[in-house]
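Let me begin by handing over the structure; questions about it come next.
The values are calculated or read from the model by the stated rules, or taken from the named source; none is laboratory data. Fair warning: this is a prediction, and the values are worked out from it, not measured in the lab. Using ideal geometry, Cβ is built from the backbone for each residue, glycine included, and neighbour counts are taken over all protein chains shown. Side chains are part of the model used for accessible areas, which takes the heavy atoms of the whole protein and leaves out ligands, DNA and RNA. Shrake-Rupley method; radii C 1.70, N 1.55, O 1.52, S 1.80 Å.
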Amino acid sequence: HRFASDTTYTQSLELTLTTLCDCVSCMYVTNQMKSEVNLNSQSAFVLKLWQKGKLKNFSSTPFAKTPFSEYWSDLPDVVNKHKTIDPYLFSHRMALGKYLIENTGGTQIWGEHYEQHWFWAYLAQLDWQRRSGRFEDPATWDKDEVYQWNENNPEKDVISEQSWWGYMNSKFIVATYLGAAEAGVVPRVQLKRNNLFSKDPAFLQCVSIWKEFWGGPHAKFLEETKTCSKLDNNAILFSHIWETHSNIMHAGVNSSVAVALCNRLPRDDRSIGLGWCNMVELLASMNYFVLTLDALYDVGGGFLPTIRVAGNNSSEFLRTNSINEFITLKNLHNLEKMSETSLKNAASFLGRVAHWKYGRRCLPVTLNTATYSRNPVKISFAVFNVITLAALPHSFLEGSIWIVVVSAIAKFFRWKF
């Protein structure tokens, strides 16, 4: 009924399916891509492999194919040795994330190399934002120039205080660690430039939100995992992670500091940022599971634009050289314009699909097939699969309605024929 009579719902669903397909990584590595990368290299980060996933198919040491491998062993020990961090240095933020992964549960919970820890996706976002040049002051962005990441840039470790992306990221890395410290999970540290944070109500609110998460759902997860199924427990933990993530996003993006910094961004990149904020609501609705390093190995880091978009030249570069990133860019622009009602309808639909374990597990593959496949049979099956899972009854009332509807249809066809 919703599909047939509600045009807004249909349009928002179509946009949601397309956008999710583009923002989650492609699940299949094509023969063309295989010819473009050096498969004999066991110790080199390759962006296209990282984006598309299936890293274990190409290397017996998949971590070497991730961007983390370029600096992971060289990160400073800011917690035990320095005990003072500069939140506007990339290496210090990444070091905080590394400490959280290695000291909030241990290998018995997260695997021998902590590959099952949920915080890896947050560090992947941190790496993407630096590598795409979004941590630099927007005032220095040249609208006629296509940004290129330079590993030898002496300023590559610096996060500008004028970066909206850097400000928002602090809520998911720095505030996360401080919240864990407030909950007694990790040691306390001192912050340089503390005045930028101690006088920011939004940041302090985020620290409190993370403190509640670490001391509540996360602590409960660690305790219950000793006696319960880790798989079932993971789903519960992830739902709490996404709830916390959404609360952090709202606290950050609506702050006066964030609004002022966001207005300094070029229009196209501002739409990417705000569209990604809306995208988070959709990922939360489906309890998206690609947070662990193991999941990133398989599904990939995705096709978020790897260059900042300051003008038309950047957009045209993506259109010509990375069509998947260009599609993501356009769809994030559309998501930024999506009304609150349409966003809620789309989230509700995806939530119904993800209600089922099968649907939640297969949704990335299904959506990818619906977008990229040229096989009409596969596309039809993928769409049918999603709609069927969304339509299945979730309660006794819905089940009763289903029985009545199916009985009526059966009687109609019996009478008709």
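Tell me the carbon and sulfur percent of the accessible area for the stretch 278-353, rounded to whole percent, probe radius 1.4 Å.
Accessible surface attributable to carbon and sulfur in the stretch 278-353 totals 46 percent.
Could you work out the Kirkwood radius for the stretch 302-354, taking every pair of different alpha carbons, averaging 1/r and inverting it, reported in Å?
After inverting the pairwise mean of 1/r, the radius is 12.5 Å.
Taking all protein chains in place and a 1.4 Å probe, what share, in percent, of the accessible surface of the stretch 230-271 do carbon and sulfur account for?
56 percent
Residue 73 versus residue 45, label points 7 Å from Cα toward the beta carbon: distance in nm?
Taking the simple label geometry, residue 73 and residue 45 are separated by 1.5 nm.
Rolling a 1.4 angstrom probe over the protein chains, ignoring ligands and nucleic acids, what is the accessible area of residue 99 in square angstrom, nearest 10?
Counting only protein heavy atoms, residue 99 exposes about 40 Å² to solvent.
Quick one: Cα centre-to-centre distance for the stretch 259-337 and the stretch 84-142, in angstrom?
Each part's Cα centre sits 18 Å from the other's.
Can you compute the label reach from residue 145? Point 7 Å from Cα along the Cβ direction, backbone N cut-off under 19 Å, restricted to the stretch 160-194.
From the stretch 160-194, the list is 160-164.
At residue 264 and residue 334, where each label point lies 7 Å from the Cα along Cα→Cβ, what is the point-to-point distance in nanometres?
Placing both labels 7 Å along Cα→Cβ, they lie 3.2 nm apart.
How much of the accessible area of the stretch 106-209, in percent, comes from carbon and sulfur atoms when a 1.4 Å probe is used?
Whole-percent figure for carbon plus sulfur exposure: 45.
Separate question: If the stretch 148-215 were replaced by its equivalent ellipsoid, with semi-axes equal to the square roots of 5 times the Cα gyration tensor eigenvalues, what would those be, largest first, whole Å? If you can, show how the numbers build up before the last one.
Values: eigenvalues 130, 36, 25 Å².
Sorted largest first and rounded, they come to 25, 13, 11 Å.
Could you give me the ³J(HN,Hα) list for the stretch 293-304, computed from phi with Karplus coefficients 6.51, -1.76, 1.60 and θ = phi - 60°, whole Hz, x at Gly and Pro?
5, 4, 5, 5, 3, 7, 7, x, x, x, 10, 5
Considering only DSSP states other than H, G, I, E and B, which chymotrypsin sites (Phe, Trp or Tyr not before Pro) in the stretch 104-141 qualify as loop sites with at most 16 other Cβ atoms within 10 Å?
Hits after loop and neighbour filter: nothing returned.
How would 149, 210 rank on accessible area, largest to smallest, probe 1.4 Å? If you can, show how the numbers build up before the last one.
On the way: 149 70, 210 0 Å².
Accessible-area ranking of 149, 210, largest first: 149, 210.
Give the span of the stretch 37-191's Cα atoms along each principal axis, as three whole-Å numbers ordered largest to smallest.
45, 43, 22
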